[in-house]
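The values are calculated or read from the model by the stated rules, or taken from the named source; none is laboratory data. Since the structure is predicted, the reported quantities are computational estimates derived from the model, not experimental observations. No Cβ is skipped: glycine too gets one built from the backbone with ideal geometry, and neighbour counts run over all protein chains shown. Please note that ligands, DNA and RNA were not included when accessible areas were found on the heavy atoms of the full protein model with its side chains. Shrake-Rupley method; radii C 1.70, N 1.55, O 1.52, S 1.80 Å.
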2 protein chains.
Amino acid sequence: MRNQSPIANDVSTRQETNAYAVERLFSPIDLCWHEASPRERGPILAGSQPGRNTIGVHAGAFAPYRAIATVSGALSASHSPALGNTRPSVNIGPFPQWSDPGKIVALDPWGHRVVDDFAAEIASGRKVQPTIAVTDGRLMMPEIANALRARRLVADGSIVDSLGGVRVTKIAIEPVWWLPGIAERLNITETALRRALVEASGGMYPDLVARPEFKAFLPPIGGTSVYLFGDPVLGNTDTKIACRFHDECNGSDVFGSDMCTCRSYLGFAAEECVRTAQQNGLGIIAYNRKEGRALGEVVKYLVYNARRNAQSGDRAVDYFSRTEEVAGVSDMRCQELAVDVLHWLGVTRVDAWISMSNHKREAVVSAGIEIVKQVELPSNLIGSGALVEISAKKASGYFTETGA
Amino acid sequence: MRNQSPIANDVSTRQETNAYAVERLFSPIDLCWHEASPRERGPILAGSQPGRNTIGVHAGAFAPYRAIATVSGALSASHSPALGNTRPSVNIGPFPQWSDPGKIVALDPWGHRVVDDFAAEIASGRKVQPTIAVTDGRLMMPEIANALRARRLVADGSIVDSLGGVRVTKIAIEPVWWLPGIAERLNITETALRRALVEASGGMYPDLVARPEFKAFLPPIGGTSVYLFGDPVLGNTDTKIACRFHDECNGSDVFGSDMCTCRSYLGFAAEECVRTAQQNGLGIIAYNRKEGRALGEVVKYLVYNARRNAQSGDRAVDYFSRTEEVAGVSDMRCQELAVDVLHWLGVTRVDAWISMSNHKREAVVSAGIEIVKQVELPSNLIGSGALVEISAKKASGYFTETGA
């Protein structure tokens, strides 16, 4: 956290004087992304506040709704969030990964701690908001209740209760992109990344190009929800870890659409996470809002129709090319950015990686995190409607023990 | 669809000549939003294409991922979508509501038909993409299987099969905002709306202010997924209709979090929709991506902590004010815009409105759609963890038969 401009330096030498409080409010604060302490790193200052260092706003994916709430008078633009009682329900970090250059670039590792780390800035009137929230919860998933009935799981009164309720830590994470780090991760220049962000969006945030001194960006995209099963003892290499990265598929996850294996894999992963937690390990599900491989649901349904209406029929061999024909690309999820959450949780090894995706696996391994065992979706959980999808994925390089 | 600029008029008089094809590609096309035919209305031309008439891009909520796909070389910026096999699986509309001024302003009623309505423009090289996709599906929801087991529902082999699979029409809708109409709906000026959209987002799409001639906007926010239960015979006032507007609550909808009634109400609504379909009616669930009352999941979890950590305890009387203290407003969902989907489906009366929300009800009734009966969530489906929420909502004006 450096005050670099002459004005800022000037102000900082006089900062004990109350008369200069307003002026101090306007001093810019630069982010030093990989510093090992939050105060050296500096706070994310977003929106249009004086001294901002970040492009975009918090919960940017809902900004148009915020505009309506503001212009209709329901929300005051000068509202100051009362954060005193919102602290994380459990402590997470800091871990060495938080300041290891290049390891975390798509979220703010200090994002859940701002109410304490930046209490002085908040008190002075700066707007510093959490980008991560940590709370407790109890989940009622039909798959867990079924596993109890089938005696694959046993209620222990702590992790799983007799009704099938599962005690978890729930974490909501808003994306925060450190642009130089994102560019480095993707092997492109920061300038090319900034230009592409403006061009691919039809002119969203021209500041990305016009204001290169702002290195952080709050992209208006969906974030990540993390569920921790078992006591969240993190950063301990003795802890056995089961983990699934699950990418949103609303139709299957919520409504049980039978065209894919998404809900089945999610339910199976939850059961594996509970089992691991009951063996004193930790289960992790990271749910990423990337509907339809980050192509969106309209494209997904167009592709469903294209598959069914194809003259050659709906064949596994055409599965990915149908998406490419409609969308120009078969997948935009960018798993390279999804791994940061494991670094943030201090994870260095995943004992049971509950996924068959080669993209996800490669991203995790490339990040230096060991995968001990990859866990395939049991074939009895693959419905007949999802056979084309799973066959296509296996043919394209998805992991399978049987090599089928 | 008018070519208004002198250049455009000049070009259109020569449009038979191939030599002017390139020039024709650049002619602007204005939207005449409430025209009764798609060709009079005109196509949504988004992105940075020549002759564009709309601010933003398709699937704007995923634009940053598209940027990465483009700059990394996976996606060609000149890709031309192959839409020939993507047509809607069932016909929807047109209905008189589509051209009734003011009735539909938050989606493009012609958005599922572009491959035919604008075939000429697409063939000429313009980028016209569907904003709505319609397909068929089969849902496997545990609540329906439970209803079969409990004999509240009976499998009929058509709407519900013996395994509990439910045949549906699935529709994905991307938001398209007609800015003059949105402003009118919200009783604000278009200028104030445009300014607020830029300001509340920290400078997203300055074109909203700089280019007032572009009246349409593709906001980078989540859209709506519609599930139709039963034969989609629309626009027929004899058809009995059951309907729920369900606003996304990922933690409950997917993971069964017990802090709220969301999943319970969704499962109950699905059962009601199936029952209505089996009586030759139509069930409608519109699932709106507005996590945490459009405040986002980080704010939601912060509020959970604020409720639990409050000195006075987690009380129904404080439920809404806890959110206001953190977020400045208790709800940003703007139900006024959610009703357009009913106009789009040709619905003029809902026989069973499966919701207790006064906001949703008022929005529907204000839009001139009759609600015959409002259907409360049965008390046996309200878990103990959700009692604070449901008590607070009832006290604030939520519908309840018992007045409790």
Out of the stretch A:123-182, which residues are at positive phi and in contact with a helix residue (DSSP H, G or I) (Cβ under 6 Å, 6 or more places away or on another chain)? A:125, A:164
Evaluate the stretch B:75-92: report whether one residue or more is more than 8 Å from every other protein chain (Cβ to nearest Cβ) and touching a Phe, Trp or Tyr at 6+ places or on another chain (Cβ under 7 Å). no
Residue among B:122, B:104 that alone is of a type in the set (A, V, I, L, M) and crowded, with 23+ Cβ neighbours inside 10 Å: B:104
Please go through (1) within 28 Å of residue A:266 (Cβ to Cβ); (2) over 19 Å from the mean Cα position of the chain (by Cα); (3) free of Cβ contacts under 8 Å to residues at least 60 places away in the same chain; (4) not in a helix (DSSP H, G or I) for residue A:130 and return the number of the only condition it doesn't satisfy. (2)
Please verify whether residue B:113 is among the basic types (Lys, Arg), at the interface with chain A (Cβ under 7 Å from one of its Cβ atoms) and either buried (at least 21 other Cβ atoms within 10 Å of the Cβ) or farther than 20 Å from residue B:215 by Cα (or both), treating the condition exactly as stated. no
Report, by residue number, each residue of the stretch A:193-210 that is open to solvent by less than 20 Å² (accessible area, probe 1.4 Å) and more than 7 Å from chain B (Cβ to nearest Cβ). A:194, A:208
With respect to residue B:64, determine if the residue is within 11 Å of chain A (Cβ to nearest Cβ), in contact with a helix residue (DSSP H, G or I) (Cβ under 8 Å, 6 or more places away or on another chain) and either in contact (Cβ under 8 Å) with a residue 24 or more places away in the chain or open to solvent by 40 Å² or more (accessible area, probe 1.4 Å) (or both). no
Does residue B:303 satisfy the condition of being facing another protein chain (nearest Cβ under 7 Å), of a type in the set (A, V, I, L, M, F, W, C), open to solvent by less than 30 Å² (accessible area, probe 1.4 Å) and within 27 Å of the chain's Cα centre (by Cα)? no
Could you please let me know if residue A:338 is of a type in the set (Gly, Ala, Ser) and in contact (Cβ under 8 Å) with a residue 40 or more places away in the chain? yes
Kindly check whether there is at least one residue in the stretch B:65-84 that is in a helix (DSSP H, G or I), of a type outside the set (Phe, Trp, Tyr) and touching a Cys at 6+ places or on another chain (Cβ under 7 Å). yes
Looking at A:213, A:272, can you tell me which residue is surrounded by fewer than 24 Cβ atoms within 10 Å (Cβ to Cβ) and farther than 30 Å from residue B:203 by Cα? A:272
Residues of the stretch B:225-240 being in contact with a helix residue (DSSP H, G or I) (Cβ under 7 Å, 6 or more places away or on another chain) and either surrounded by fewer than 22 Cβ atoms within 10 Å (Cβ to Cβ) or more than 8 Å from chain A (Cβ to nearest Cβ) (or both), in sequence order, are B:226, B:229, B:230, B:240
Take the stretch B:235-265 and flag every residue that is without any contact (Cβ under 8 Å) to a residue 40 or more places away in the chain and under 19 Å from residue B:375 (Cα atoms). B:262, B:263
Matching residues, the stretch A:370-393, being farther than 15 Å from residue A:353 by Cβ, aliphatic (A, V, I, L, M) and not in a helix (DSSP H, G or I): A:382
Residues in the stretch B:326-334: is at least one in a helix (DSSP H, G or I), acidic (Asp, Glu) and either open to solvent by less than 40 Å² (accessible area, probe 1.4 Å) or touching a helix residue (DSSP H, G or I) at 6+ places or on another chain (Cβ under 7 Å) (or both)? no
Filtered residues of the stretch B:20-35 (kept if modelled with pLDDT of 95 or more and of a type outside the set (Asp, Glu)): B:31, B:32, B:33, B:34
Only one of B:283, B:296 that is over 25 Å from residue B:143 (Cα atoms), within 18 Å of the chain's Cα centre (by Cα) and open to solvent by less than 10 Å² (accessible area, probe 1.4 Å): B:296
Flag if residue A:351 is surrounded by 21 or more Cβ atoms within 10 Å (Cβ to Cβ) and in contact (Cβ under 8 Å) with a residue 12 or more places away in the chain: no
Answer residue from the stretch B:286-299, given it is assigned to a helix (DSSP H, G or I) and facing another protein chain (nearest Cβ under 7 Å) and is nearest to residue B:324 (Cα to Cα) among those: B:299
Could you list, in sequence order, the residues of the stretch B:165-192 that are polar (S, T, N, Q) and either facing another protein chain (nearest Cβ under 8 Å) or open to solvent by 30 Å² or more (accessible area, probe 1.4 Å) (or both)? B:187, B:189, B:191
When only residues in the stretch A:253-264 that are buried (at least 24 other Cβ atoms within 10 Å of the Cβ) and not in a loop (DSSP other than H, G, I, E, B) count, which is nearest to the other protein chains (Cβ to nearest Cβ)? A:257
